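Trainee: The structure's right below; bear with me while I get my questions together.
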Amino acid sequence: MRAGFRSPNALLSLRGAKILVPAAFAALVYVTGIYRSNPFLFFAGALILGYLLPEMWLAWRVRARQHRIRLSLPDGLDLLVICVEAGLGLDQSLMRVADELRIAHPELSEEFHLVNLEMRVGKTRLEALRELARRTGVEDIKSLVAMLIQTERFGTSVAQSLRVHSDDLRTKRRQRAEEMAAKTTVKMVPALVFFI
């Protein structure tokens, strides 16, 4: 789910890949003949690598999707603030933001659209928002959901809470960028020492 695969056969496909990819790697080792120097090592390496490769690919897909959702969240929150301040309810605002972000940020649009669909089939807003946080696994969305739940419980202004949360997210985003920029000098030291 966190990688964006909604098909009920996704788990079955992953299990099939964990069987087929090691078999393909072992066949490749056999066909190429590189196993002759050390058969046990090459076949064991091919099987282990083939078993771990689908899992590593899936983890990479999850991280990439979460990164795209994290980058698109401030824009989505700004649109959400505008919709709520214009007089729409939170449910209608989520639907409008999902429609508006369909081209620019398809992952966030899809998640908001799923929240709307869950509320239409009978889930409460709190349950649908909690499911959003669980489905994405992004810390920024978890904090957004917690803030929306607290806002609904205490009856405070949703627009004001969203505006403050959006400003906080932009500050975090800037701090992450500054942190990455500060790390570059340390990461360049091994290249400078060993290659120059």
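The values are calculated or read from the model by the stated rules, or taken from the named source; none is laboratory data. Remember, it's a predicted structure, so these values are computed and weren't measured experimentally. Ideal geometry is used to build each Cβ from the backbone, glycine not excepted, and the neighbour counts take in all protein chains shown. Accessible surface is based on the protein model in full, side chains and every heavy atom, while ligands, DNA and RNA are left aside. Shrake-Rupley method; radii C 1.70, N 1.55, O 1.52, S 1.80 Å.
Trainee: Please work out how much length the chain gains when fully extended from Thr124 to Ser37, using 0.36 nm per residue of separation minus the C-alpha to C-alpha distance, in nm with one decimal.
Mentor: Contour length minus Cα-Cα distance gives 25.0 nm.
Trainee: Moving on. Using alpha carbons only, how many degrees (0 to 90, rounded to 10) separate the axis of helix 90-100 from the longest principal axis of the chain?
Mentor: It works out to around 50 degrees.
Trainee: Another question about this same structure. To the nearest 10 degrees, how steeply does helix 10-32 sit against the main Cα axis of the chain, on a 0 to 90 scale?
Mentor: 20 degrees
Trainee: Rounded, prolate or oblate: which fits the chain when a ≥ b ≥ c are the square roots of the eigenvalues of the alpha-carbon gyration tensor, with rounded for a/c under 1.5 and prolate only if a/b beats b/c? Could the numbers behind the result be given before it?
Mentor: Numbers: a/c = 3.56, a/b = 1.73, b/c = 2.06.
The shape class here is oblate.
Trainee: If you don't mind, there's one more thing I want to ask. Expressed as a whole number of Å, what is the distance separating the alpha-carbon centroids of region 1-65 and region 129-154?
Mentor: If we compute the Cα centre of each part, the gap is 35 Å.
Trainee: Among the lysines, which fall within straight-line cross-link reach of Lys183, defined as a Cα-Cα distance under 30 Å, with same-chain neighbours fewer than 8 residues apart omitted?
Mentor: Within the straight-line cut-off, Lys183 pairs with Lys142, Lys172.
Trainee: Given the options Val115, Leu94, Phe42, identify the residue whose Cα lies farthest towards the positive end of the charge dipole of region 16-149 (+1 on Cβ of Lys, Arg; -1 on Cβ of Asp, Glu).
Mentor: Phe42
Trainee: Still on this structure, please answer the following. With a 10 Å cut-off between alpha carbons and a GNM built on the chain, which of Arg68, Arg36, Arg130 moves the most?
Mentor: Result: Arg36 has the largest fluctuation of those listed.
Trainee: Rank Ile141, Ile19, Ile82 by mean-square fluctuation in a GNM of the chain with C-alpha springs under 10 angstrom and give only the top-ranked residue.
Mentor: With Cα springs under 10 Å in the chain, the top fluctuation among Ile141, Ile19, Ile82 is at Ile19.
Trainee: Sticking with this structure for a sec: Between Thr156 and Asn9, what FRET efficiency comes out of the Förster formula 1/(1 + (r/R0)^6) with R0 = 30 Å and r the beta carbon distance, rounded to 0.05?
Mentor: Efficiency computed from Cβ-Cβ geometry: 0.10.
Trainee: Related question: With a 1.4 Å probe and all protein chains left in place, how much accessible area per residue does the chain have, in Å²?
Mentor: On a per-residue basis, 63 Å².
Trainee: Ignoring ligands, DNA and RNA, what percent of the accessible area of the chain is carbon or sulfur (1.4 Å)?
Mentor: Here it works out to 65 percent.
Trainee: Which one, Ile149, Leu192, Leu129, is farthest towards the positive end of the dipole of the chain when Lys and Arg carry +1 and Asp and Glu -1 on their Cβ?
Mentor: Result: Leu192.
Trainee: Continuing with this model, one more query. Identify which of Thr185, Thr151, Thr136 has the largest mean-square fluctuation in a Gaussian network model of the chain, with springs joining Cα atoms closer than 10 Å.
Mentor: Per the Cα network of the chain with a 10 Å cutoff, Thr185 tops the list.
Trainee: Shifting gears a bit: Would you mind checking the tilt of helix 39-85 against the longest principal axis of the Cα atoms of the chain, expressed as 0 to 90 degrees and rounded to 10?
Mentor: Taking Cα atoms only, the helix is inclined about 10 degrees.
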